[in-house]
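Novice: Okay, handing you the structure first.
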């Protein structure tokens, strides 16, 4: 798993409350055998807490609305429409909270509270979630992330799509101190890559996309579309009968989200492109200009 590892805690003020040293590692994801129709999997722990279920708590009700991908320490990428119906309640001073949960390799659950969400004004279906750990540190003090790539998969390449689906009905809790039982599963499907569309896929998806000829279920939105090398090429955005659209992740590379966890590690807004805990394979093929434009050399 440790193809890329970043150590946090040389400065005790940069670490969590106990001042402990810990690491952040990029997963090395192996290919899996899957079909075009989504199938449930039981080894949730494979992603070591880096694949997250996105749960909205509003008043005394809780519901898992989708999936998110941990791309950096306390930084996850998801689909905006996963949280769109709750945007006002989450950002406008309402009582709603966004929580993310992932199953670690040792079977324990990592819990995260989202304190900031950021999107692009251009209609992108991407959203960056800034997260603060609200559960215990992992036993090995290592946080897993999922690697990204600037490589565009050629048509026909097998892509794997992974995400969660939970019960559609919200679960109620009598108080914030009561445990909430949420029932769901991890799903995986696989299909050939189709057309890469830039800058838009038309009226269906007014943003850059990658077609995937496999099905996805409601709740898998915000999950990862992964290439043959085990790297994320897009975020699941739209699922139709026998094919899906993944929003190309690369526009998020230039965002500078609010990051306040780990405490004092970030003393300013830092672009995803500069974040040392985000692993981007093939970043050398990406060039940026002073006016904010970028060009990408296609590579295999």
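Novice: Using 0.36 nm per residue, how much length does the chain from residue 84 to residue 241 gain when fully extended, once their Cα-Cα distance is taken away? Don't skip to the answer; put the middle values down first.
Specialist: Details: separation 157, 0.36 × 157 = 56.52 nm, distance 2.28 nm.
Between residue 84 and residue 241, full extension yields 54.2 nm more.
Novice: For the range 16-86, rounded, prolate or oblate, judged on the Cα gyration tensor with a ≥ b ≥ c (square roots of eigenvalues), a/c < 1.5 rounded, else prolate if a/b > b/c?
Specialist: Because a/c hits 1.5 or more and a/b fails to exceed b/c, the range 16-86 counts as oblate.
Novice: I would also like to ask the following. Would you work out the relative contact order for the chain, in percent, from Cα pairs under 8 angstrom that are 6 or more residues apart? Don't skip to the end; give the middle numbers.
Specialist: Working: 785 pairs, mean separation 65.8, N = 300.
Here the relative contact order equals 22 percent.
Novice: Please report the relative contact order for the range 56-181, taking Cα pairs under 8 Å with a sequence separation of at least 6, and give it as a percent rounded to a whole number.
Specialist: 32 percent
Novice: May I pose another question? Run the paramagnetic zone check for residue 37: 7 angstrom along Cα to Cβ, then residues of the range 233-255 with backbone nitrogen under 13 Å.
Specialist: Taking a point 7 Å out along Cα→Cβ of residue 37, the residues of the range 233-255 whose backbone N falls under 13 Å are 242.
Novice: The range 78-123: Rg/Rh from Cα coordinates, Kirkwood Rh?
Specialist: Working: Rg = 13.1 Å, Rh = 12.3 Å.
Result for the range 78-123 is an Rg/Rh of 1.06.
Novice: So how much slack lies between residue 269 and residue 140, counting 0.36 nm per residue of separation and subtracting their Cα-Cα distance, in nm?
Specialist: 43.6 nm
Novice: Which of 67, 91, 149 moves most in a GNM of the chain, Cα contacts under 10 Å?
Specialist: 91
Novice: Across the chain, how large is the tail of the calculated P(r) beyond 27 Å, expressed as a percent of all Cα pairs?
Specialist: 37 percent
Novice: Going by a ≥ b ≥ c, the root eigenvalues of the Cα gyration tensor, does the range 154-300 fall in the rounded group (a/c under 1.5), the prolate group (a/b larger than b/c) or the oblate group?
Specialist: oblate
Novice: Would you kindly state how much longer the chain becomes between residue 167 and residue 118 on full extension, computed as 0.36 nm times their sequence separation minus their alpha carbon distance, in nm to one decimal?
Specialist: Result: 15.0 nm gained on full extension.
Novice: Would you mind computing, in nm to one decimal, how far apart the modelled labels at residue 185 and residue 109 are, each placed 7 Å from Cα along Cα→Cβ?
Specialist: Label at residue 185, label at residue 109, 1.9 nm between them.
No value in this document is a laboratory result; all are computed from the given coordinates. All values reported here derive from a predicted model rather than from experimental measurement. So basically every Cβ, Gly included, is an ideal-geometry build from the backbone, and we count neighbours across all protein chains shown.
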